[in-house]
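The values are calculated or read from the model by the stated rules, or taken from the named source; none is laboratory data. Predicted model, so just to flag it, every value in this text is computed and none were measured. Neighbour counts are summed over all protein chains in view; Cβ atoms, including those assigned to glycine, are modelled from backbone coordinates with ideal geometry.
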Amino acid sequence: MGGRNWLILGILACLIAFSSARELKVREDNKLAVYNHTLGTILVEYASAVYLSDLTELFTWTCPRCDGLTAGFEVIDLVVDVQHCLQAFVGVARDPNAIVIAFRGTQEHSIQNWIEDLFWKQLDLNYPGMPDAMVHHGFYFAYHNTTLRPAILNAVKQAKEIYGDIDIMATGHSMGGAMAAFCGLDLTVNHEAKNVQVMTFGQPRIGNAAFASYYRQLVPNTIRVTNDHDIVPHLPPYYSYFPQKTYHHFPREVWLYNIGLESLVYEVEKICDKSGEDPTCSRSVTGNSISDHLVYYGVELMCETWRSCRIVSDPLVAEYGKTDLQGNLILSKDPATPILKMKTQSSEGSNHI
């Protein structure tokens, strides 16, 4: 009996070693995105602006965060899924000359509660059309099964009819980064877009190694920016065994971290390897910081205040909006029309949801 137990343990050890070796090999059949610092500093401003709850300021692009590197942006669709507390916009940017899609991250009473929940996320959905690829249904559902997807796809179609075959850039922070990744994959696989770029900030893991391999091949022009000890890119947890049951980041990561002595501090931008789980990048440190999660490139990525889902709208934008039976709202305009110039009325004339 003792000899049989040793044999079983030996077989299990071999299986574990084999699983580990497979898990670390993400296919490298094509080139990865080239990191562009300037593009990162532009897209992070869109990822910041989408957190704002004043829909009039967002729709007219007159919000306090709608200036600087994003000045002149024209919003086509602004979507709020009130049921699931999700928000996104689609528009056209002058620099870079591209359609930009931005997704808001989590808006909860406490971001710490959301982070704690990430520890227990399980791979429980087979990604359609990708053998062995698994993702978490919550991340998948947030993009594919809410008000966001149809509105975004329609806005992209409209923009391309007016502006031609320009680039499409999807971005988002935290949970918004996960949705941006699914959006980039959806546009590429299901809508035959050839010029899709994805750049996310502080994105959690969303699938296993098989999913990461497919994603890398299909959306190679993808950058995941991580910041120092940001806790969220470390979640859900990564394990080196059992590839079908552990989460695995897709490449390419760019890790921002500080080095220095006393008053001399420099921010370093490290271009990581093609594995998606480079042990010399963010995985080389403990992911234990919420504050590192909320600021990238010096830009705040959070709501004005942490509270339950809330939006503020102005009667002047009502003619551009439609609401379904669940209260979900889409503000939409013709992309051929010059950017709207509206005066925001006082808070007395505003509607709060």
Within the stretch 237-293, restricting to residues that are among the hydroxyl-bearing types (S, T, Y) and part of a strand (DSSP E or B), the one that is farthest from the chain's Cα centre (by Cα) is Y266
Reported set for the stretch 183-205 where residues are within 18 Å of Y247 (Cβ to Cβ) and not in a strand (DSSP E or B) is L185, G202, Q203, P204, R205
Going through the stretch 75-103 in order, the residues found to be buried (at least 19 other Cβ atoms within 10 Å of the Cβ), acidic (D, E) and within 21 Å of G164 (Cβ to Cβ) are D77
Within the stretch 208-236, residues assigned to a helix (DSSP H, G or I), touching a Leu at 6+ places or on another chain (Cβ under 9 Å), aliphatic (A, V, I, L, M) and under 30 Å from T38 (Cβ atoms) come out as L218, V232
Those residues of the stretch 98-119 which are in contact (Cβ under 8 Å) with a residue 24 or more places away in the chain and out of contact with any strand residue (DSSP E or B) (no Cβ under 7 Å at 6 or more places or on another chain) amount to T106, Q107, E108, H109, S110, I111, Q112, W114, I115, L118, F119
The lone condition Q87 fails out of (1) in a loop (DSSP other than H, G, I, E, B); (2) closer than 22 Å to S53 by Cα is (1)
Qualifying residue in the stretch 240-254 (condition: surrounded by 24 or more Cβ atoms within 10 Å (Cβ to Cβ), in contact with a Leu (Cβ under 6 Å, 6 or more places away or on another chain) and either closer than 23 Å to E116 by Cα or among the β-branched types (V, I, T) (or both)): no
Q. Of the residues that make up the stretch 187-203, is at least one touching a Lys or Arg at 6+ places or on another chain (Cβ under 7 Å), surrounded by fewer than 22 Cβ atoms within 10 Å (Cβ to Cβ) and under 19 Å from V34 (Cα atoms)?
A. no
Restricting attention to the stretch 160-178, the residues that are buried (at least 24 other Cβ atoms within 10 Å of the Cβ) and either assigned to a helix (DSSP H, G or I) or at pLDDT below 95 (or both) number exactly 4
Checked N145, N97 against criteria (of a type outside the set (D, E), under 26 Å from Y320 (Cα atoms) and more than 18 Å from the chain's Cα centre (by Cα)); the one match is N97
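Quick grid of which residues meet (1) surrounded by fewer than 19 Cβ atoms within 10 Å (Cβ to Cβ); (2) at pLDDT 70 or above:
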| residue | (1), (2) |
| --- | --- |
| G276 | no, yes |
| E300 | yes, yes |
| V312 | yes, no |
| L325 | yes, yes |
| T337 | yes, no |
| K341 | yes, no |
Checked pairs for the stretch 179-204, first modelled with pLDDT of 95 or more, second polar (S, T, N, Q) and surrounded by 22 or more Cβ atoms within 10 Å (Cβ to Cβ), C-beta under 6 Å and 6 or more apart or across chains, list as A180/T171; A180/T200; V198/T222; M199/T171; G202/S174
message = Condition check: modelled with pLDDT under 80 and within 20 Å of the chain's Cα centre (by Cα). Does W306 satisfy that?
response = yes
